[in-house]
Amino acid sequence: MDFLPVFLNIKHKPCLVVGGGEVAARKASLLMRAGAQVTVVSPSLSPALAQLVREKNLCHKVAAFSDGDLDGHSLVIAATDDMQVNREVHALAVQRGIPVNVVDCPELCSFILPSIVDRSPIIVAVSSGGASPVLARVLRARLETLIPAAYGRLAALVASFRGQVKQQLNSLPQRRLFWEKILQGPVAEMVFAGRDKAAQEALQTALQGAQDTAVPQGEVYLVGAGPGDPDLLTFRALRLMQQADVVLHDRLVSAEVLDLVRREAERIYVGKQRSVHAVRQEEINQLMVTLAKQGKRVLRLKGGDPFIFGRGGEEIDTLAQEGIPFQVVPGITAANGCAAYAGIPLTHRDYAQACIFVTGNLKDGSMDLNWDALVQPQQTIVVYMGLLGIDILCRELVAHGLPSMMPAALIQQGTTRNQRVLIGTLHSLPEIIKNTEVHAPTLIIIGEVVKLHEKLAWFKPDVTGNV
């Protein structure tokens with residue numbers, strides 16, 4: 001994060017704009033919309049600035065910029081076409097500790113003016129940190145279509161009731177639950193439909209029916225986080241991630257996905273890997289029960305899909321026994337996501353009419369798999385957690401009838417910018433892993449469909465992780 005997003009209160013504060021052109025006019029107008037007392041320093045003015053002087057009480061000092069012009073100002077914007085003047089404004093402002101913005105020069109800015117979606121009192125600001133103002137404007141335009149103008153009226157309605165709600169509902173969790181129901185329910189829809197008076201009456205009725213003494217009902221959300229790319233999350237997963245009070249997450253949940261969880265939510269790492277368990281499964285189950293009984297909304301965030309080698313069934317079995325309400329949100333499992341991003345269809349009319357998922361975890365130094373079921377014609381085998389036992393896996397598959405030259409693929413960190421695909425055969429796969437630094441999470445796909453990778457691979461991040 002190159003710049004910390006903040007919102008400044010500049011109402012009735014003296015602010016300075018250096019420059020008299022069209023860009024200076026836009027900056028002066030923006031400052032005035034925020035309530036600032038704006039002074040423009042410039043020998044001459046563009047028509048737009050001259051109009052602001054006539055109609056909006058903009059103060060104009062007819063002169064070139066000098067050191068004394070900064071006296072008493074809380075903020076300054078330099079918008080001249082003379083880089084020497086802009087640098088001088090920046091240097092003098094920094095000396096005085098005055099926030100300064102030099103238009104189109106991020107290196108000379110202590111603050112950035114973002115692209116703004118104005119739904120006052122709701123304000124959404126988008127910034128590229130000066131890297132691409134055009135991209136910021138494109139994103140703002142997209143947000144404009146997603147945020148109805150009525151959100152401003154909805155925010156004003158909420159503000160008018162905040163005091164009453166705080167007086168009637170003593171605890172912060174109760175108030176947050178109340179407001180979430182209001183903002184995601186009929187009251188909000190009435191405002192969007194232009195029925196503001198009906199919305200106000202409905203909100204008042206809802207508040208009168210709120211029970212101050214009631215203990216909030218806890219709930220658990222068992223959510224599949226997918227294989228790593230946050231764009232693959234479902235809408236429902238995102239909604240629940242934004243409602244959670246506490247999140248229990250494992251090591252396969254990518255940082256990009258975890259960043260989408262509600263900022264205020266408590267985060268508890270409960271990841272497991274071979275022989276290293278941050279928290280035992282039984283303890284995870286009991287922790288979810290304990291937190292839910294405290295009235296908290298618990299997000300159990302698991303990599304991939306919770307019901308495919310994710311022990312999700314064990315977790316909700318415990319919740320059901322304890323009478324804890326829960327929801328399950330499927331995620332894109334690693335087999336689907338990684339295969340798709342590697343250009344390897346799991347089934348194909350010419351190569352495979354069946355697909356089987358297995359876990360390659362070792363138990364007492366061996367793999368307890370139904371080898372005869374795996375070694376079937378025109379079948380794709382997807383192996384989760386198979387790196388450690390790759391020698392046994394390949395040896396046994398060949399011993400039970402698969403050709404040693406059967407194509408196989410290793411997909412490391414699939415769907416992410418760090419994705420790497422290694423292609424070999426059952427014969428060469430163990431040697432590839434010995435000679436190449438391969439680490440979890442890695443998925444193994446075995447079958448004729450692997451031949452399609454070279455032709456169908458579409459997702460090609462470069463060595464730096466860029467796509």
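Just a few scattered comments:
- Multiplying the residue separation of A373 and A255 by 0.36 nm and removing their Cα-Cα distance gives an extension gain of 38.8 nm.
- Computed E for D104/Q321 - FRET, C-beta separation, R0 45 angstrom, nearest 0.05: 0.10
- Unit charges at the beta carbon, dipole of the chain: most positive-side option, M32, V449, V102: M32
- Mean separation of Cα contacts under 8 Å, 6 or more apart, over the residue count of the stretch 1-149: relative contact order %: 18
- Spread over its residues, the convex hull of the C-alpha atoms of the stretch 13-54 is 57 Å³ per residue.
- Solvent-accessible area per residue, Å², over the stretch 340-432 with all protein chains present [probe radius 1.4 Å]: 48
- Length available on full extension from H12 to K293: 0.36 nm per residue minus the Cα-Cα distance, which gives 96.2 nm.
- Listed by chain and number, the aspartates and glutamates whose C-alpha is less than 18 Å from the C-alpha of K13, apart from same-chain residues fewer than 8 away, are D69, D71.
- Cα gyration tensor shape of the chain, rounded if a/c is under 1.5, else prolate or oblate by comparing a/b with b/c: oblate
- For the chain, the share of DSSP beta bridges that are antiparallel, to the nearest 5, is 40%.
- From phi via Karplus (6.51, -1.76, 1.60), per-residue ³J(HN,Hα) for the stretch 362-372 in Hz, x at Gly/Pro: 7, 9, 6, x, 9, 10, 9, 10, 7, 4, 5
- Partners of K61 within straight-line reach, counting lysines whose Cα lies under 17 Å from its Cα and excluding those fewer than 8 residues away in the same chain: K27.
- 222 nm mean residue ellipticity, helices alone, for the chain (DSSP H n ≥ 4; -39,500 (n - 2.57); rounded to 500): -10500 deg cm²/dmol
- Percent antiparallel among DSSP beta bridges (both partners in the stretch 312-422, rounded to 5): 45
- For K197, the lysines whose Cα falls under 19 Å of its own Cα, not counting residues fewer than eight places away in the same chain, are K181.
- The length gained by stretching the chain between I123 and Q286 to full extension, at 0.36 nm per residue less their Cα-Cα distance, is 54.5 nm.
- Cα-projected label distance for N435 with E454, points at 7 Å along beta-carbon direction, nm: 1.7
- Percent of C-alpha pairs per 10 Å bin in the stretch 394-467, short distances first: 18, 49, 28, 5, 0.
- Label reach from E180 (point 7 Å along Cα→C-beta): in the stretch 287-304, amide nitrogens under 20 Å belong to 287-302.
- Once each of the GluC sites (Glu not before Pro) sitting in a DSSP loop with at most 10 other beta-carbon atoms within 10 Å is removed, the chain keeps 1-263 as its longest stretch.
- Whole-number percent relative contact order across the chain, with pairs defined as alpha carbons under 8 Å at least 6 apart: 9
- Amide proton proximity set for F326, modelled H, under 5 Å, gap of 5+: V220
The values are calculated or read from the model by the stated rules, or taken from the named source; none is laboratory data. Just so you know, these numbers come straight off a predicted model, no measurement behind them. In this analysis, Cβ positions are derived from the backbone assuming ideal geometry, glycine residues included, and neighbour counts consider all displayed protein chains. Just the protein is used for accessible areas: all its heavy atoms, side chains included, with ligands, DNA and RNA removed. Shrake-Rupley method; radii C 1.70, N 1.55, O 1.52, S 1.80 Å.
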